[in-house]
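Visitor: Sending over a structure as structure tokens; questions will come in a sec.
Any read-out appearing in this document is the output of simple, stated calculations on the displayed coordinates, not a laboratory observation. Nothing here was measured: the structure is a model prediction, and the numbers come from that model. Cβ placement follows ideal geometry from the backbone for every residue including glycine, while neighbour counts extend to all protein chains displayed.
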Amino acid sequence: MVLLAALAGIPLVANDYWLNAVLIPFLIMSLTALGLNLLMGYAGQASLGSGGFMSVGAYATYNLLLRLPELPLPVSLLLGGIISGLVGVVAGLPSLRIKGFYLVASTLATQFLLEWLFNQYGWFSNYSTSSSISAPRLAFLGHDLSSPAGRYLLTLATVVVVTAVAARLVRSQTGRTWMAIRDMDTAASVIGIPVSAGKLKAFFVSSLVIGIAGALWAFAYLGTVDARSFNLDRSFQVMFAIIIGGMGSVRGNFLGAAFMIFVPILLDHLGGGVFGGAVDPGQLENFQKALFGALIVWFLIKEPRGLAALLSRAWTRLASRINR
Amino acid sequence: MSFFIETLVGGLLAGVMYSLVAIGFVLVFKASGVFNFAQGSMVLCAALTFVSLRDKGIDFWLAALITLAVMVLIAIAVERVVLRPLVNRPQITLFMATLGVSFVIEGLAQIVMGASVHELDLGIVDTPIEIGGVQVSQFDLVAAGTAGILVVALSIFFNKTRVGIALRAIADDPQAALSIGIRLQTLWQIVWGVAGFVSLVAGLLWGARQGVQFALTLVVLKALPVLIIGGFTSITGAIVGGLIVGAGDSLAEIYLGSLLGGSVSTWFSYVLAVASSWSGRPVCSAKRRSKGFDACRRSAQKPSKGSTRRTRPRRACATGCAQARLWCCSPHSRAFRL
């Protein structure tokens, strides 16, 4: 609660740069990671289609806002998420028969197909001449949410609500079904757990959450809807976030997203500070890329269960020291 | 009709180029169970190194040799720094680690050798020649020939040399291979080195075709459906899968692309791959398994000379056959293999 109050109070103290470039992408990335984590960390179905589902959510919400302007913003967001969830169910159909890397490849098919679809057909972007389209104005109950603080609060509220629901969900019957499927699906089906339905449900919920995150990414962060910002790199980024943060942990999503968003910014600032423009920016970018890759490998080696496990271990150690 | 055949042949020859990259994947996956996403950046790194050396006026073969040395060094470093600490981790973690490695290789290679597009001239004239009324690119023919030679060389390496046989032992059963004293780590280094060599060949051919640039790493994304169709563990499968993907892509681009409005080839091969993995098992691992099964039965029926020898192989084969049958029948046979 304290943390929540602190997060809600941030707009009072932080400047626009922090809100726009750091906190909003961090929150949205956390939400996306949460969506993928439900699928991959809880239900055990690896997916590289996150970018695709994000774009479905973004384009669906865009079209809803455009064509049904009387709907309030949260309803449009949710409907956009549901549409993305339905696409997710279709994309999840191969998971009934194939697993592992074969499934990863089939989600890649979804990714490329969706990217192509949104670039190819003008209807989705309302026949805009440029391939990117500007987002409609964000407003809710008469309040204009277009300022950085407004967009931040919109993102924060969505993230809090979705995270609360998801945290309840993974402790429910559904969440236990997913974990049973993840741990051993043959055994799960033997004891009467509906494996196929569970997998499809996981794909639906996961894509729903990712779709909402995609809509926020387009409207609250970038301000444009552009299929190119939901490419394969985005899918990889999300997957990195949950592996570094910790699979099968709600808290891990936030830690992993923080790593994926903050570290490149930090490297950027460090690079600018140390070399001060003495080095070619292209070189600096390559250097950052290499360093970032090395950091990822290092984290994977040092902490197999992610930052969430690291944190909870530190916490128990601290608690036992205090109790003594 | 001749246009159809021309498209088909062009696609098949392009498919051979995909196979070249896919072979590198197969080698690493067979020996270490790692799905090596860094293969694409290895292709880029090899091509960049080679081009930079050539730009400095170094002789072709010497440049190739130095590049090979660099690739082997990378292989050893990857094994030491990344693979060894990550033994027994989930495959997806290893996959993500190779993704991190690919960032490192791409970043470093471009720092050292620059990010601009280089021209690579292998001295092959790319004029189409006519064979039986069909125009065929000469360069593609050379590429296909190179791939053929590479496959023959690799199969000799795997079937005849000591190292190759040890590698096959590891691919079959790492535990058993370890227990008879095969050095896993050394062999991993060797196999990553060989994968480096394959990526050198692929990098030269791809680089000559579309210029040595960052886009070379995207070749990986074309190789993935090739692997799904051909199976992760079979070199023959990589070739067959490459041919299918190449032909499918170019035919789809011509005939489906006009219906749907172009650039179908970005996703067509993936849909093909999903369809193939939905409908059955990968082309070549299925063949291999059934062949093993048949060979097993044949050797069990064959009368052997020594009386003591007669029973043992028969029993071993009976369990082998049972296993094979079980695998084929199980609805999740693919999952068990992964």
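Visitor: Starting from the 7 Å offset along Cα-to-Cβ, what nm value, one decimal, do you get for the label separation of residue B:129 and residue A:21?
Guide: Simple spin-label model gives 5.8 nm for this pair.
Visitor: Between residue A:123 and residue B:59, how high is the FRET efficiency from 1/(1 + (r/R0)^6) when r is the Cβ-Cβ distance and R₀ = 56 Å? Nearest 0.05. Provide the component values of the computation, followed by the final result.
Guide: Values: r = 57 Å, r/R0 = 1.02.
Computed FRET efficiency for residue A:123 and residue B:59 comes out at 0.45.
Visitor: Extension gain residue A:184-residue A:298, at 0.36 nm per residue separation less the Cα-Cα distance, in nm?
Guide: 38.1 nm
Visitor: Work out from phi, with θ = phi - 60° and the Karplus expression 6.51 cos²θ - 1.76 cosθ + 1.60, the ³J(HN,Hα) of each residue of the stretch A:157-168, listed in order in whole Hz, and give x for Gly and Pro.
Guide: Values, residue by residue: 4, 4, 4, 5, 4, 5, 4, 4, 4, 5, 5, 5 Hz.
Visitor: Pairs A:99/A:199; B:56/B:222; A:201/B:222: which exceed 20 Å Cα-Cα?
Guide: Correct reply: B:56/B:222; A:201/B:222.
Visitor: In whole Hz, with x marking every Gly and Pro, tabulate ³J(HN,Hα) for the stretch B:92-101 from phi via Karplus 6.51 cos²θ - 1.76 cosθ + 1.60, θ = phi - 60°.
Guide: 5, 5, 4, 4, 5, 4, 5, 5, x, 4
Visitor: Only counting other Cβ atoms within 10 Å, I'd like B:276, A:95 sorted with the fewest neighbours first.
Guide: Numbers: B:276 19, A:95 25.
Listing B:276, A:95 from fewest to most nearby Cβ atoms yields B:276, A:95.
Visitor: By count of other Cβ within 10 Å, fewest leading, how are B:140, A:268 ordered?
Guide: Fewest-to-most ranking of B:140, A:268: A:268, B:140.
Visitor: Sticking with this structure for a sec: Enumerate the calculated ³J(HN,Hα) couplings along the stretch A:202-218 in order (Karplus 6.51 cos²θ - 1.76 cosθ + 1.60, θ = phi - 60°), each rounded to whole Hz, writing x wherever the residue is Gly or Pro.
Guide: Listing the rounded values in order: 4, 4, 5, 4, 4, 5, 4, 5, 5, x, 4, 4, x, 4, 5, 4, 6 Hz.
Visitor: Please rank B:255, B:270, fewest neighbouring Cβ atoms within 10 Å first, as an exposure proxy.
Guide: Working: B:255 12, B:270 24.
Fewest-to-most ranking of B:255, B:270: B:255, B:270.
Visitor: Then there is this: Between the stretch B:22-69 and the stretch A:46-96, how many Å separate their Cα centres?
Guide: 41
Visitor: Still on this structure, please answer the following. Given a cut-off of under 8 Å on Cα pairs at least six residues apart, what relative contact order in percent is computed for the stretch A:181-324?
Guide: Answer for the stretch A:181-324 is 20 percent.
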